[in-house]
Amino acid sequence: MADDQYFLVVDDFSTMRRIVTGLLKELEFTKMAEAEDGSAAMKILEAGAASITFVLTDWNMPVMDGLALLKKIRATPSLAHLPVLMITAEAKKENIVEAAQAGADGYIVKPFNAATLKEKIEKILSRRASMAG
């Protein structure tokens, strides 16, 4: 199961991208791409939309933040189906609500560990599978 997911990890902080890709590797996910902001992420998604299957994005980034990226993904027919997990340092209720309303599949607050990430990813994938089925 792990091997059919292709993650796009979006964060302006390279250390955070390294941490997230490291956790994904721990969970036996091997396919991933990285982007430093929402704008770079959109370029990757538009260039090879078919290969990316899951987006993990930070909320606070320059150029295009995670919420703007999420809204753009949801507004793009070829990408709208992608699961998007928001990663943020903010645990504010209004942010969680805003992300949900914009179409986020889940929300994870930094710092987090591999077990938390695994649980979120599995929950999103199983919910998506039951919706598709």
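The values are calculated or read from the model by the stated rules, or taken from the named source; none is laboratory data. On a predicted model such as this, the values are computed, not experimentally measured, just so you know. FYI the Cβ positions are ideal-geometry reconstructions off the backbone, even for glycines, and counts take in every protein chain you see. Surface accessibility is based on the protein's heavy atoms, side chains included, excluding ligands, DNA and RNA. Shrake-Rupley method; radii C 1.70, N 1.55, O 1.52, S 1.80 Å.
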- Which ³J(HN,Hα) values in Hz, rounded to whole numbers, follow from the phi angles of segment 96-105 under the Karplus curve 6.51 cos²θ - 1.76 cosθ + 1.60, where θ = phi - 60° and Gly and Pro get x? 4, 4, 4, 4, 5, 5, 7, x, 5, 7
- Just order 113-122, 59-68 by mean Cβ neighbour count inside 10 Å, highest at the front, would you? 59-68, 113-122
- Task: With the full set of protein chains in place, find how many percent of the accessible area of the chain is carbon and sulfur; take the probe as 1.4 Å.
- Result: 56 percent
- Cα-centred dipole magnitude for the chain, charges only on beta-carbon of K, R (+1) and D, E (-1), debye, nearest 20: 260 debye
- Query: Stretch Thr76-Ala100 to full length: gain in nm at 0.36 nm per residue minus the Cα-Cα span?
  - Reply: 6.9 nm
- Which of the listed residues, Met61, Leu27, Ala89, is farthest toward the dipole's positive end in segment 9-133, when Lys, Arg count +1 and Asp, Glu count -1 at the beta-carbon? Leu27
- Task: Write down the percent of antiparallel bridges among all DSSP beta bridges whose residues are both part of the chain, to the nearest 5.
- Result: 0 percent
- Task: Would you please give the residues with an amide H less than 5 Å from that of Tyr6, counting only those at least 5 places away or on a separate chain, with H modeled from the backbone geometry?
- Result: Thr53, Phe54
- Name the residue farthest towards the positive end of the dipole of the chain from the options Ala41, Ala100, Leu79, assuming +1 on Cβ of Lys and Arg, -1 on Cβ of Asp and Glu, about the Cα centre. Ala100
- Query: Full extension from Thr53 to Glu122: what is 0.36 nm times the residue separation minus their Cα-Cα distance, to one decimal in nm?
  - Reply: 23.5 nm
- Item | Karplus-derived HN-Hα couplings along segment 86-94 (A = 6.51, B = -1.76, C = 1.60, θ = phi - 60°), whole Hz, x at Gly and Pro | 7, 10, 8, 8, 9, 9, 5, 4, 5
- Keeping to pairs on different chains or 8 or more places apart, tell me how many lysine pairs in segment 37-133 have Cα atoms under 19 Å apart. 10
- Task: Determine the per residue accessible area of the chain with all protein chains present and a 1.4 angstrom probe, expressed in square angstrom.
- Result: 50 Å²
- Taking only C-alpha pairs under 8 Å that are 6+ residues apart, what is the relative contact order of the chain in percent? 22 percent
